Amino acid sequence: MGSKKAAVFFPGIGYGLDRPLLYYAKKIALQRGYETIDVPYTGFPKKVRGNKAKMKESFDIAMAQTEEILKDVDFSEYKDIIFVSKSVGTVVAAHYAHEHNIAVNHVFFTPLEETFMHNDQKGVVFHGTNDPWAETLAIQKKCAELKLPLNLYEGANHSLETGDVAKDLQYLTDIMMRLLD
């Protein structure tokens with residue numbers, strides 16, 4: 001096992017690496033001495049939410065691109081690996097770690113229910129109670145089953161935002177402070 005640290009970033013379909021959650025999480029990783037690796041997949045279908053076939057297609061597109069992007073990364077060189085993911089990226093990150101038998105700590109921002117299809121996950125979960133992509137009770141149940149710490153944000157949507165800028169900044173600060181712990 002190596003001595004380096006890696007933080008791998010898996011965006012969502014419409015939530016890129018330059019958006020607040022991933023942008024600041026990456027700054028924290030860099031500040032803590034992690035080498036960062038971006039997985040900037042693209043080319044998703046439109047109007048995915050609520051459409052199982054398009055969700056599966058999006059997952060397949062993201063997985064294929066992830067395999068290609070990460071094919072030359074030797075994860076055995078790293079003693080500490082964090083996968084930071086958002087939305088569909090949480091499903092991809094969980095599946096990739098499982099399929100490649102990589103011991104990682106996950107940071108799941110607004111995971112989908114499919115994120116928890118494997119029972120070998122460690123990490124932390126951030127979910128908004130007004131997220132139209134994932135039902136809060138289902139996320140709570142899965143986190144309890146897998147013993148994953150769950151941070152709930154009242155009234156927050158799939159971007160962990162409420163529409164109230166002051167509240168959104170408060171939530172963003174809280175989330176990033178939890179990552180700094």
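We did not get these values from a lab; they are worked out from the coordinates using the rules stated. What you see is a predicted model; the values in this text were computed from it and never measured. Positions of Cβ are generated from backbone atoms using ideal geometry, with glycine treated the same way; all protein chains shown enter the neighbour counts.
Some notes on this structure:
- By the rule of a C-alpha distance below 24 Å, with chain neighbours fewer than 8 residues away ignored, the lysines paired with Lys26 are Lys4, Lys5, Lys71, Lys79, Lys86, Lys122, Lys167.
- The stretch 99-165 and the stretch 76-90 have their alpha-carbon centroids 14 Å apart.
- Coupling constants for the stretch 107-124 follow from the phi torsions by the Karplus curve (6.51 cos²θ - 1.76 cosθ + 1.60, θ = phi - 60°), and in residue order they are 10, 9, 8, 6, x, 8, 4, 5, 4, 9, 6, 10, 9, 10, 9, 10, x, 9 Hz; glycine and proline get x.
- Across Ala53, Ala93, Ala103, mean-square fluctuation computed from a Gaussian network of the chain (C-alpha pairs under 10 Å connected) peaks at Ala53.
- Residues with amide H under 5 Å from that of Ile13, placed H, sequence gap 5 or more: Val88, Gly89
- Nitroxide proxy distance, nm - points 7 Å out along Cα→Cβ at Thr42 and Met117: 2.6 nm
- Note on the chain: along the principal axes its Cα atoms extend 43, 38, 32 Å, ordered by decreasing extent.
- Dipole magnitude (debye, nearest 20) for the chain, charges at Cβ of Lys, Arg, Asp, Glu: 160 debye
- Here the convex hull built on the C-alpha positions of the stretch 79-160 has a volume of 74 cubic angstrom per residue.
- Paramagnetic reach from Lys147 (point 7 Å along Cα→Cβ, amide N under 15 Å) across the stretch 114-134: 119-124
- Percent of Cα-Cα distances greater than 15 Å, calculated over the stretch 24-66: 55 percent
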